[in-house]
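What follows is a single structure, written as structure tokens, with notes after it.
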Amino acid sequence: MTTRPLSPLTMLLSRHTRRREFITLLGGAAAAWPLAARAQQPAMPIIGFLNSQSPDGFAGPLRGFRQGLKETGYVEGENVTIEYRWAENQPERLPAMAADLIRRRVAVIAAMSTQAAVAAKAATKMVPIAFNVGGDPVRNGLVASLPRPGGNLTGVNFLTAELAAKRLELLRALVPAATRVATLFNPATPEITEASSRDLHTAARAMDLKIQVFNASTSGDINAAFAAMMRDRPDALFVGPGPFFNGRRVQLAQLTAHHSVPAIYAQREHVDVGGLISYGANNADAWQQVGLYVGRILKGAKPADLPVVQSSKFELVINAETARMLGLTVPPSLVAIADEVIE
């Protein structure tokens, strides 16, 4: 069969059709490429944040935590997401909260108390955990040793229990006439209470101080303890360390003010709400260290290879207004070494 040559007009129309199809194909590919690229980009990593207390009073430490993340290249909302879980001083909620974070496929958990760390460890052996604990993490079974944690946990030990003797010394300096000191401990946290109580009694014997022991694990227990201790009024009060008492700091400040009892605490949050004096690790600094470890873990570091860090920054905070209300004169020697005197 003889093929007739195409006319110039037909050839022009054919070339135009092919060009239009090519442009359509190219345009479709260009439109689809960003969608495909976005689909291939990894989602932002999620940090699970677990705390046994409430967020009230933790603005400073939270800034420290975020600063630690920032120093490793992570900014919340930009390239990392944080899922916050606060147990609101109800530690029995922590296991369910830890399990929920695991279901949400978090890349790492920041456990900001001993109880939170224990709950997180029970929930997973795979997800890395960076903790901030006051008790000995080896004695608590969180790590094998401080230099070689092993497993999926590491973090910061902010040494609350080990400072009991120093706190008693500072309390005696502020209330030099004291001979009887009441102590308030939480028996539900033996990992913190036992070491602190042991060191306190040793220091008290050296200072010739008589110690009266009271325990409290609930808000009602605190009220009952104060009622009991006021029947044989002490010269001063030593409040033990731990998240429970920190969570009840307003109640404690009100009770000590009502009964005019000078009291010392482990954390500055007590003094911020009217407590007299505190000595302990700088919370913001400890939380910043946790943020640094979380960032390093997100970059690929393994908890087993990161030694547990012990706090090296401590702070003495005095509420001068509370001291005046109690009829106390803060000695110049304490003012000179205080990190902050709240007027």
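So the values come out like this:
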read-out: Matching entry among N157, N152 (being within 28 Å of R105 (Cα to Cα), touching a Pro at 6+ places or on another chain (Cβ under 9 Å) and modelled with pLDDT under 95); value: N157
read-out: Any hit, segment 189-203, residues being farther than 24 Å from L62 by Cβ, within 18 Å of the chain's Cα centre (by Cα) and in the same structural domain as T329 (by TED's automatic domain parsing); value: yes
read-out: Candidates M112, M126 - the one that is farther than 14 Å from L50 by Cβ and not aromatic (F, W, Y); value: M126
read-out: Single residue of segment 78-98 satisfying the filter (polar (S, T, N, Q) and surrounded by fewer than 15 Cβ atoms within 10 Å (Cβ to Cβ)) that is modelled with the lowest pLDDT; value: Q90
read-out: Residue match in segment 284-298 (condition: out of contact with any strand residue (DSSP E or B) (no Cβ under 9 Å at 6 or more places or on another chain) and either free of Cβ contacts under 8 Å to residues at least 24 places away in the same chain or β-branched (V, I, T) (or both)); value: no
read-out: Top-ranked residue in segment 99-118 [being within 19 Å of F58 (Cβ to Cβ) and among the small types (G, A, S); ranked as surrounded by the fewest Cβ atoms within 10 Å (Cβ to Cβ)]; value: S113
read-out: Any pair with Cβ under 8 angstrom, 6 or more apart, that starts in segment 96-120 at a residue that is over 24 Å from N283 (Cα atoms) and not assigned by TED's automatic domain parsing to the domain that holds P55 and ends at one that is at pLDDT below 95 and crowded, with 22+ Cβ neighbours inside 10 Å; value: none
read-out: Breaking point among (1) more than 21 Å from T179 (Cα to Cα); (2) more than 17 Å from the chain's Cα centre (by Cα), for G247; value: (2)
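Results for (1) at pLDDT below 95; (2) part of a loop (DSSP other than H, G, I, E, B); (3) buried (at least 21 other Cβ atoms within 10 Å of the Cβ), shown as yes or no for each residue.
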residue: S278; (1), (2), (3): no, no, yes
residue: Q289; (1), (2), (3): no, no, yes
residue: Y293; (1), (2), (3): no, no, yes
residue: I297; (1), (2), (3): no, no, yes
residue: G300; (1), (2), (3): no, yes, no
residue: A304; (1), (2), (3): no, no, no
residue: V330; (1), (2), (3): no, yes, no
residue: A336; (1), (2), (3): no, no, no
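Okay, residues lined up against (1) farther than 30 Å from D272 by Cα; (2) at pLDDT 85 or above; (3) within 14 Å of the chain's Cα centre (by Cα); (4) among the small types (G, A, S):
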| position | (1), (2), (3), (4) |
| --- | --- |
| A39 | yes, no, no, yes |
| R63 | no, yes, yes, no |
| G73 | yes, yes, no, yes |
| E76 | no, yes, no, no |
| A107 | yes, yes, no, yes |
| A111 | no, yes, yes, yes |
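The values are calculated or read from the model by the stated rules, or taken from the named source; none is laboratory data. These numbers were taken from a predicted model, which means no experiment stands behind them. Note that we place each Cβ from the backbone using ideal geometry, even for glycine, and neighbour counts take in every protein chain shown.
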